[in-house]
Amino acid sequence: MEIIAGLGSLQFEAGVAVQHQSLVKLKTRRRDLMVHACAHSVFFCQVLLKTRQAVQMSRGFHVGVIGGGYLGKQLVRCLLDLTDLHADDISVSTRRPETLRDLQDRGVQCFYDNVKLVRGAHLVFLCCLPSQLPAVCAEIRGHLPEWCVVYSLVSAMTLPRVTGLLGHSSVIRPEYQCDPKDGELQCLQHGSLTKALRDGSLVRATIPRELWHRGGVCIVSHFIEPVLYAALNLCTSHHLSHDQAVSVLNSLIHQQVTSGESPLGASFTSANFVSKAFVASLSADSRFPRFDLSSVQMKETPLSQHLAGSPQLRTQLSSLYCTIFHVDTQQVHVS
């Protein structure tokens, strides 16, 4: 495919009749959704890794991927190339581990044992087919550690359904709202997805929609909320008070400020994450409760309302998103 990149007459789309152009659009949408999936997964991993670094967690961070198909392979490559994870931090469970020789050569553990994979994992990505998910969930149900977050990339399977199958509350899934006005993500010209996600314009196109206002209405896709609440859960598990946990998040959103620049000013407070009644009950050394990530993603939260009314904070989070991919943040601004 790299040989014919840029040669329009040799592309698949060139031979498609007008009446079948909708099939090409479906193919393009599938590709764009995969780019979003991998980009958001990288962001999620890096936020958790930076949070662990901030609270000086000494234990390793182990990531498991169930499914070694096209999406699973692309995801692992992105995690290897675009995050601070090392190859021995990642394990893949697939029916055909022999097809992942390139990943094994880089040091990734590849085998077929879903229970073994999840038992010691801090984060598990589900990349199997929808038809396989019920059996996979039945197999690993009861073996997921309490602290483990499950990130489902299985299409056509709702979050309540996945949560019910697993019997586990720390489950999230992407909710993409691709705007046709944005056009297609031109990633194939880069030759690989990891190279594409080093392109500033493409990375900015994958910024979660909830961080933008369109026509005065905040488009909320509920991705940033579970990411931040997951970071708070990490802080709580490390016995940090609510004030200390919020300070960790504030250090994350301000870290993209370079020497000589002034911080943008917007910061989190404990009241942005819990109800007013709960805030009133907190003492200085109280900790946050352990947040149910599935509920956070499915319902409006105090954080949802705070983000909707704070363009400055959304700009900072957008800048953090770009900083994680080492791309320019100068063009990031929301209103």
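The values are calculated or read from the model by the stated rules, or taken from the named source; none is laboratory data. Computed from a predicted structure; not experimentally measured. Here the Cβ is made from the backbone with ideal geometry for all residues, glycine too, and neighbour counts use every protein chain on show. We work out accessible area using only protein heavy atoms, side chains counted, and drop any ligands, DNA or RNA first. Shrake-Rupley method; radii C 1.70, N 1.55, O 1.52, S 1.80 Å.
So the values come out like this:
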item: Number of positions in the range 94-118 that are within 21 Å of the chain's Cα centre (by Cα) and closer than 16 Å to Pro145 by Cβ; result: 2
item: Some residue of the range 280-300 being under 29 Å from Arg161 (Cβ atoms), without any contact (Cβ under 8 Å) to a residue 60 or more places away in the chain, open to solvent by less than 80 Å² (accessible area, probe 1.4 Å) and over 25 Å from the mean Cα position of the chain (by Cα); result: no
item: Residues within the range 37-57 that are in a helix (DSSP H, G or I) and open to solvent by 20 Å² or more (accessible area, probe 1.4 Å), tallied; result: 4
item: Options Gly72, Gly60, Gly107, Gly67: the member that is at pLDDT below 95, open to solvent by less than 40 Å² (accessible area, probe 1.4 Å) and of a type in the set (Gly, Ala, Ser); result: Gly60
item: Residue within the range 122-145 that is of a type in the set (Lys, Arg), outside any loop (DSSP other than H, G, I, E, B) and open to solvent by 30 Å² or more (accessible area, probe 1.4 Å) present; result: no
item: Residue within the range 244-267 that is under 24 Å from Gln56 (Cα atoms), aliphatic (A, V, I, L, M) and modelled with pLDDT under 90 present; result: yes
item: Close pairs (6 angstrom Cβ cut-off, 6 or more residues apart or separate chains): under 17 Å from Glu225 (Cα atoms) and open to solvent by 20 Å² or more (accessible area, probe 1.4 Å) in the range 312-335, outside any helix (DSSP H, G or I) and at pLDDT 80 or above anywhere; result: Gln312/Ala266
item: Verdict on Arg106 being free of Cβ contacts under 8 Å to residues at least 12 places away in the same chain, among the basic types (Lys, Arg) and farther than 28 Å from Pro134 by Cβ; result: no
